[in-house]
Amino acid sequence: MSLDTKYEDNNIFAKIINGDLPCVKIYEDENILSFMDIFPQTEGHCLVIHKKAASVNILDMPTDALAEVILIVQKVARAATAALSPDGVRIVQFNGASAGQTVFHTHFHVIPTNDGMPESNHASGSPHPTEELEAVAAKIRAAL
Ligand code: 5GP
């Protein structure tokens, strides 16, 4: 997928927004959704997306939608750090397959990090059990 690829309505995150696929939610309002990454690289790895901007990557995202989503990225990162007390938190955002993007609906990763703790590979492995994701999500939600 190149940087100027067109938005496809049937991407995984569009299906999550429509309710066609499940997710473990952390935060939702009229425009923004945050949920647990199903292949978490660390405990607490979650994603933040805009529900209404049909945007492939940060380059084609309307600036008002980008402003809305980044405010919630900060809110979720604050909650994740309050809930999980990591040593750090990585905010990541990939644009184009060449950069590592695998889902072509603009999103931000919030990845709590801990010194000396191994991390799982990006977007690979087996889907994490929902109960385990839900247990971590409940802690983050409680800190929102
Ligand atoms: P990207 O590689 O595009 O930056 O990030 C996409 C992210 O979505 C990856 O971290 C991957 O683990 C996650 N992901 C892929 N499929 C699903 C899914 O069906 N549900 C959830 N919650 N996350 C997914």
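Of the accessible area of the range 26-102, computed with a 1.4 Å probe over protein heavy atoms only, carbon and sulfur atoms account for 54 percent. Using the Cβ of Ile12 as centre and a radius below 12 Å, the other residues enclosed give a net charge of -3, where K and R count +1 and D and E count -1. Think of it as helices only: each DSSP H run of n ≥ 4 in the chain is worth -39500 (n - 2.57), and spread over all residues that comes to -9500 deg cm²/dmol at 222 nm. In this structure the amide hydrogen of Arg90, modeled in the peptide plane, comes within under 5 Å of the amide hydrogens of Ile111, Thr113, none closer than 5 places in sequence on its chain. Pairs exceeding a 21 Å alpha-carbon distance, out of Lys51/Lys75; Lys6/Lys75; Lys15/Lys75; Lys25/Lys51: Lys6/Lys75; Lys15/Lys75. For the range 67-76, backbone phi angles converted through the Karplus equation (6.51, -1.76, 1.60; θ = phi - 60°) give residue-by-residue couplings of 4, 5, 6, 5, 5, 6, 4, 5, 4, 5 Hz, Gly and Pro being listed as x. With R₀ fixed at 22 Å, the C-beta to C-beta distance from Thr113 to Leu144 puts the FRET efficiency at about 0.60.
Annotation: per residue accessible area for the chain equals 52 Å², rounded to a whole number [probe 1.4 Å, protein chains only]. Under a 5 Å amide H cut-off, with hydrogens placed 1.01 Å from N, Ile26 pairs with Ser34, Phe35, Met36 among residues at least 5 apart or on other chains. Looking only at the range 30-55, which residues have a backbone nitrogen under 16 Å from a spot 7 Å from the Cα of Glu131 in the C-beta direction? The answer is none, because no backbone nitrogen lies closer than 16 Å to the label point.
The values are calculated or read from the model by the stated rules, or taken from the named source; none is laboratory data. Predicted model, so just to flag it, every value in this text is computed and none were measured. Methodologically, a virtual Cβ is constructed for each residue, glycine included, from the backbone with ideal geometry; neighbour enumeration extends over all protein chains shown. Please note that ligands, DNA and RNA were not included when accessible areas were found on the heavy atoms of the full protein model with its side chains. Shrake-Rupley method; radii C 1.70, N 1.55, O 1.52, S 1.80 Å.
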